[in-house]
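Only one structure is covered here, and it is reproduced in the block below.
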Amino acid sequence: MGEKTIPILPCRTLQPVLDFYVALGFEVTFQQRSPNPYAVVQRGGIELQFFGLKQYEPAESVSTCYVRTDDVDGLYAAFRAGLKEAYGRVPARGLPRIGSLKDMSYGMRQFLMTDPGGNCVRVGQPTSEDQHHRPAPRETFARALRHASLLADSKEDPALAAKVIDRVLGLEDEKPTEVRLLQLLVLRADVAARLGDEEKAASVLTRAAAVRLTAEERIEARDALVRLEDLRDRGPA
């Protein structure tokens, strides 16, 4: 079979979008300015195409696509490094931005990134042949983390995600493990930054950085630790 699917995504102007993808290691393989703005970027087997639309509002975009890879950790590391070199930091909020790498409940390990045109590119690697959602965890804090993560990223409702985390961390009769505490705090700081609550984000990041983990726990919490690093170095929005 010789079929191939190529997403064609909108943007207001091409150049900021192309600069973003070049920072990620893509090559601009085609670009035209007239009769209509249009461009193509490629990186390995990934090809994305873009068209310019003056009336387009990136902040209100719902454009998205999914890239499946066999090395999501490698791509994530390369993209973070490229963005840090280009922007002086790993952009974690606003436009453009890159989200945290995480294991999803439907057998994918993935991250989300949003380009300057507001297009959300989901990059993931299968971790199971079963792509159905697993049942929600029974353990209180694992369940809250999964729920808040889905609200923050899939539902794009950071305010409700914050409420879920605040409620579970306010419990007096149960306490999370250190790993789960770190994961919850990092996500809470992440959504606070998205909501523009800088004071809350800063206080939660300080609390997260104070969590003490063993070497074994650091391996388990590696994704949250990477995100913590990016959020602490987030710079201006």
Once the other residues with Cβ under 12 Å from the Cβ of Phe26 are scored (Lys, Arg +1; Asp, Glu -1), what is the net sum? -3
Of the peptides 73-86, 104-117, 163-176, 181-194, how do they stack up when ordered by the mean number of other Cβ atoms within 10 Å, highest first? 181-194, 104-117, 73-86, 163-176
DSSP-defined beta bridges in the chain - what % are antiparallel, rounded to 5: 70
Per-residue [θ]222 nm for the chain (sum of -39500 (n - 2.57) over DSSP H runs n ≥ 4, rounded to 500): -12000 deg cm²/dmol
Ignoring ligands, DNA and RNA, what percent of the 1.4 Å accessible area of the chain is carbon and sulfur? 51
For the range 63-120, go through all pairs of different Cα atoms, get the mean of 1/r, take its inverse, and jot down that Kirkwood value in Å. 12.0
Accessible solvent surface per residue of the chain, calculated while the other protein chains remain in place, 1.4 angstrom probe, Å²: 54
Per its Cα gyration tensor (rounded if a/c is under 1.5, else prolate when a/b beats b/c, else oblate), the range 86-230 is best filed as rounded
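The values are calculated or read from the model by the stated rules, or taken from the named source; none is laboratory data. Only a predicted model underlies this, so the values are computations on that prediction, with no experimental measurement involved. Because the Cβ atoms are built from the backbone with ideal geometry, glycine has one as well, and the counts that use them run over all protein chains shown. For accessibility, only protein heavy atoms count, side chains too; no ligands or nucleic acids. Shrake-Rupley method; radii C 1.70, N 1.55, O 1.52, S 1.80 Å.
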